[in-house]
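J.: Pasting in a structure now, in structure tokens, and then I'll have a few things to ask.
Laboratory data are not the source of any read-out in this text; all were calculated from the coordinates shown. In this text the structure is predicted, and so the values were computed from the model without any measurement. For neighbour counting, all protein chains shown are included, and Cβ atoms are generated from backbone atoms with ideal geometry for every residue, glycine included.
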Amino acid sequence: MLDLYGKKSLKKEESTFTPTDDERERMKALEHERGLAFDKFYRFGTAAEPSIVLDEFLFLGNMQHANNNDLLTRFQIKHIINVCDIKLRQTILDNFNVVHIPMPDEPRTNIKQHFDRTNELLHGYYEKKERCLVHCAAGVSRSATIVLAYLMKYHHNTLKEAFFYLIEKRPQIWPNEGFLLQLIRYETELLQTHEIPKKNIDSIKDFRKEENPIETLVEFEHKHEKDE
């Protein structure tokens, strides 16, 4: 959007990143839970290896993990999605399938525009039964946001369910407030297109932890086959 002087107007951008009262309350609840998880992370120390999000498929880590050829080989990782603004070492680029989507870890970064692409990439790797590492600089904000979007889209979970699940797998996740807001709005879109089942709608504002907050894609598909 340009103003009379040909400069981009910030008015629309500012309104886009301004949460409603409901969104603000949900952000506070999520931030509270991730704060508790962060305390746990600092008590037990930094993970030397990437976090296993989904067995034999999806890993979440940092720049050091992604640049470690031996570690990637040991975990049988074939694909890497790099969402930080630094390229990986050439030897990694030569030996692995690397998709680089550079972006800054800032609240006003439009990370949501990349969800469709990263979701399709990840789902393609899943269908081929090939392992993928999603990473940013620290494996905390950008890459965690990408993984949460995937869990919501293809595991049909609310943000709350995906968030609690990922905290268990990687307690140090900490998407910045702008990314949290975009995830909340992405969830709204998925609910409107019924990609998150209607049965989950009532639980969105209930941020109490559930014993089993996530079902795998296979479990979801099997359950709905029985329903049909």
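J.: Measure off 7 Å from each Cα along the Cα-to-Cβ vector at R117 and T188, then give the distance between these two points in nanometres to one decimal.
T.: 2.5
J.: Going down the list K128/K153; K87/K160; K128/K160; K78/K153; K28/K169; K28/K87, which pairs span over 24 Å between their C-alpha atoms?
T.: Going by Cα-Cα distance, K87/K160; K128/K160; K28/K87 fall outside the 24 Å limit.
J.: Turning to a different aspect of this structure: For a label point 7 Å from the Cα of F17 along Cα→C-beta, name the residues of the range 102-132 whose backbone N is under 14 Å from it.
T.: 104-113, by backbone N distance to the label point.
J.: Using R₀ = 22 Å, calculate the FRET efficiency as 1/(1 + (r/R₀)^6) where r is the Cβ-Cβ separation of N69 and K169; round to 0.05.
T.: After rounding to 0.05, the efficiency reads 0.40.
J.: Does anything in the range 131-148 have its amide N under 12 Å from the 7 Å Cα→Cβ label point of E106, and if so which residues?
T.: none
J.: Ranked by Cβ crowding within 10 angstrom, fewest neighbours first, how are I77, I92 ordered?
T.: Going from least to most buried by this count: I92, I77.
J.: Could you work out how far apart the two model spin labels at E49 and E25 are, taking each label as a point 7 Å from the Cα in the direction of the beta carbon, and quote it in nm?
T.: Placing both labels 7 Å beyond Cα along the Cβ direction yields 4.3 nm.
J.: Something else about it: Around I52, what is the net charge, scoring Lys/Arg as +1 and Asp/Glu as -1 over all other residues with Cβ under 13 Å from its Cβ?
T.: Net local charge, I52 excluded: 0.
J.: Continuing with the same structure: Could you put H100, H114, H194 in order, starting from the residue whose Cβ has the fewest other Cβ atoms within 10 Å?
T.: Going from least to most buried by this count: H194, H100, H114.
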